[in-house]
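Asks: Pasting a structure below so you can have a look.
All of the numbers you see were taken from the coordinates with simple rules; none came from a lab. In this text, all values refer to a predicted model and were calculated from it rather than measured experimentally. Heads up, the Cβs are rebuilt from the backbone with ideal geometry, glycines too, and the neighbour counts pull from every protein chain shown.
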Amino acid sequence: MKLSKIGFLIIIIFISCKSAKDSETSSIQLKHEDKLTSLSLQNWYQKDYSLDKTPGISLDKWYTQNKKQAKNKNIIVAVIDTQIDLKHEDLQGQIWANLNEIPNNGIDDDNNGYVDDINGWNFTATKSGGYVVWGNFEYVRLIRDWASSFKDKTESQITTQELPKYREYQRALKTQEKENIYYTRWLSSLRHSVKNYPLIKDTLKHFFPKEDYTYQQLDSMYKKHKINSKTYRQMRENDDKDLGALIYYMMINVEDNKKTLGDIKEDEAQLDSIVNKNLNVDFDERISIGDNPIVLEKGYGSNNVSNNKVGYRSIQDHCTKVSGIIAANRENKIGIKGIAQGAQIMPLNTSFSGDEHDKDIAMAIYYAVDNGAKVINMSFGKEFSLQKEWVDEAFKYAEKHNVLLVHCSGNNHFNVDENPYYPSDNNFDGSKEVCGNFINVGSISSKLDSTFVSTFSNYGKQNVDLFAPGDKIYTTSSGNTYMSDSGTSLAGPMVSGTAALIWSYYPKLTVQEVKQIILDSGTAYDIEVIVPGTKDKMVPFSELSKSGKVLNVYNAMQLAEKVSKKKR
């Protein structure tokens, strides 16, 4: 799980159905936007445009009108992610339990290859009893593993067969160089900030005794000194104490919600770990896990999917947020309402600060399938894949067993038809898709204007299947709390929850049918939007994904019923 450059992801951070294609889908031409209140923002994504003038997934509409009882409420949704807060009040009764395993007896009672796996498995646990917190980015692993074949060689020295790997190696080198410069400069800036913070505070007290300065006031003072950011960097490197440089720093601090010295020191510690662990070819977190990294095997890791020690709550944030969207209890009158009441969350830990290992991804998929999951949510991604073939085979295994894979498209605001992003059902070489059970999900906001597609969301007419709400989503969080967050990581579970809901009512549908139902039943908005990653490039919303639509639960359930009846 990669850290964003616009903010830290703190972890101390997816056979076509002819009958479905014949269905009618709604197409909406937007004429205005109704402003949402703070309260309605908490559940905007569950609303319906025709009823509420809000481009949600029409979940409330379906639950309000549905009078049927589910045939199988306990659909298992595997969430491949970080650790989870098993004690969260809104997830009680919603966590999968392995009834074939006797708790804590040190025996693999069900002979599935995992000892005491009561609620899932942690594939990032270490042999010493801990778990990985910091790990390499994938391009760093690629550079380390392929150096013996390609280091210091030119393209003319490479065989035709090895040329694709050589070029990927070169791409990895360029990525590491760019990222290393970026994060090293950022770390240098933070070290300068920590060193000079007391001086800055004391200096500004001379002008603002009550320390009640605003960004605008500091900006006015700063302009008098005509110090630009380049000059500031030079002063920082020379440890300059110029007033203009000090003001410039505090402007950044105020703009960043008035961080304290403690906050800045925490940022400094994290950046130090990025530079010396995430980006360091000589650091290999796999050693602490103690497995054989070049062999697919069962049993490494541990059954601890929820470390509840004091100070460890943030490592559970991501999975807890994702899981709440899918399955938070709808009937307990607290917190939020998940999409699929009764769905069971199977937490499978693979994520830490860095990029997930392809081995862990593949083994988590095999575990999920073998232990009864119908849907697998993967709210993570990376721009390189060292052992994609392992993941591809796991995808095919899931398809063979009628299991749906749901993946977030990523937050890089780029076109994934042109920029590889993994895991994916695409080989990015023009060949046929690996499998037919994979849905890639982009993010939309609640704004019915040119910014309808979230500014951070990846997109692609071929490789993003549809969009779902992922902007300002209020959900469960670690430490038994609730909060709003944004990212395609939150759009993916909207689709996972919908798939679980479909199967709970129509269990005989195939995975290909469920996928096609979700894509065909979405809402097609007739609107021009800004392409993410650009300032003002406008295109029809329909051009940014394969379906050109937004997830619609009500339509999906209606269509699922029609398809199910035709199968009888």
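Asks: Using mean Cβ contacts within 10 Å as the protection proxy, how do 400-407, 504-511, 474-481 order, highest first? Present the calculation step by step, with values, prior to reporting the outcome.
Replies: Values: 400-407: 22.4, 504-511: 18.4, 474-481: 20.2.
The densest-packed peptide leads the list: 400-407, 474-481, 504-511.
Asks: Could you derive backbone 3J(HN,Hα) for segment 454-468 from the dihedral phi with the Karplus parameters 6.51, -1.76 and 1.60 (θ = phi - 60°), listing whole Hz in sequence and x where the residue is Gly or Pro?
Replies: 4, 4, 8, 6, 6, 8, x, 4, 9, 10, 10, 7, 6, 10, 8
Asks: Let me ask something else about it. Once you put a point 7 Å from the Cα of THR455 and another 7 Å from the Cα of GLN92, both along the Cβ direction, what distance in nm separates them?
Replies: So the label points at THR455 and GLN92 sit 4.1 nm apart.
Asks: From the square roots a ≥ b ≥ c of the eigenvalues of the alpha-carbon gyration tensor of segment 332-452, which class results: rounded (a/c under 1.5), prolate (a/b over b/c), or oblate?
Replies: Details: a/c = 1.68, a/b = 1.07, b/c = 1.56.
Oblate, because a/c is 1.5 or more while a/b does not exceed b/c.
Asks: Compute the separation of the alpha-carbon centres of segment 457-510 and segment 513-530 and state it in Å as a whole number.
Replies: Rounded to whole Å, the Cα centres lie 14 Å apart.
Asks: Hey, which of these cross-link pairs are over 25 Å Cα-Cα: LYS47/LYS515; LYS47/LYS87; LYS382/LYS472; LYS151/LYS396; LYS68/LYS565? Present the calculation step by step, with values, prior to reporting the outcome.
Replies: Working: LYS47/LYS515 22 Å; LYS47/LYS87 29 Å; LYS382/LYS472 23 Å; LYS151/LYS396 34 Å; LYS68/LYS565 15 Å.
Listed pairs above 25 Å: LYS47/LYS87; LYS151/LYS396.
Asks: Between ASP284 and THR481, what is the label-to-label distance in nm when each label sits 7 Å out along the Cα-to-Cβ direction?
Replies: The modelled label-to-label distance comes out at 3.8 nm.
Asks: Could you work out the mean projected area of the convex hull around the alpha carbons of the chain, in square nanometres to one decimal?
Replies: Details: hull surface 115.3 nm².
One quarter of the hull surface, i.e. the mean projection, equals 28.8 nm².
Asks: Could you list TRP121, TRP134 in order of exposure, starting from the residue whose Cβ has the fewest other Cβ atoms within 10 Å?
Replies: Details: TRP121 33, TRP134 18.
The order, fewest Cβ neighbours first, is TRP134, TRP121.
Asks: Still on this structure: Can you pull out the trypsin sites (Lys or Arg not before Pro) in segment 422-497 whose DSSP state is coil and whose Cβ has at most 10 other Cβ atoms within 10 Å?
Replies: On the way: sites: LYS432, LYS447, LYS461, LYS472; in loops: LYS432, LYS447, LYS461, LYS472.
Those that pass, being in a loop and sparsely packed, are LYS432.
Asks: Using +1 at the C-beta of Lys and Arg and -1 at the C-beta of Asp and Glu, which of VAL194, VAL275, VAL539 has the Cα lying farthest in the positive direction of the dipole of the chain?
Replies: Comparing the listed Cα positions along the dipole, VAL539 ranks first.
Asks: Further question on the same structure: Over 14 Å apart: what share of the alpha carbon pairs of segment 468-527 falls there, rounded to a whole percent? The partial results should precede the final answer.
Replies: Details: 1156 of 1770 pairs.
Cα-Cα pairs in segment 468-527 separated by more than 14 Å: 65 percent.
Asks: Work out from phi, with θ = phi - 60° and the Karplus expression 6.51 cos²θ - 1.76 cosθ + 1.60, the ³J(HN,Hα) of each residue of segment 392-403, listed in order in whole Hz, and give x for Gly and Pro.
Replies: With coefficients 6.51, -1.76 and 1.60, one gets 4, 5, 5, 4, 5, 4, 5, 5, 4, 9, 6, 10 Hz.
Asks: Another question, then. Out of all DSSP beta bridges with both ends in the chain, state the antiparallel percent to the nearest 5. Kindly include the intermediate steps, with their values, before the conclusion.
Replies: Details: 14 of 45 bridges.
Taking every DSSP beta bridge within the chain, about 30 percent pair in antiparallel fashion.
Asks: Using just the helices of the chain, give the 222 nm mean residue ellipticity in deg cm²/dmol: DSSP H runs with n ≥ 4 each add -39,500 (n - 2.57), and the total is spread over all residues, rounded to 500.
Replies: Details: 17 runs with 207 residues, N = 568.
Mean residue ellipticity, 222 nm, calculated: -11500 deg cm²/dmol.
Asks: Evaluate the distance, in nm, between pseudo-label points positioned 7 Å from the Cα of LYS178 and of THR159 along their respective Cα→Cβ axes.
Replies: With each label placed 7 Å out from Cα toward Cβ, I get 3.1 nm.
Asks: Taking the Cα centre of the chain as the origin, how large is its charge dipole in debye, to the nearest 20, when only Lys and Arg (+1) and Asp and Glu (-1) carry charge on their Cβ atoms? Before the final figure, lay out each step's value.
Replies: Working: 70 positive and 73 negative charges, 261 e Å.
Using only the charged Cβ atoms, the result is roughly 1260 debye.
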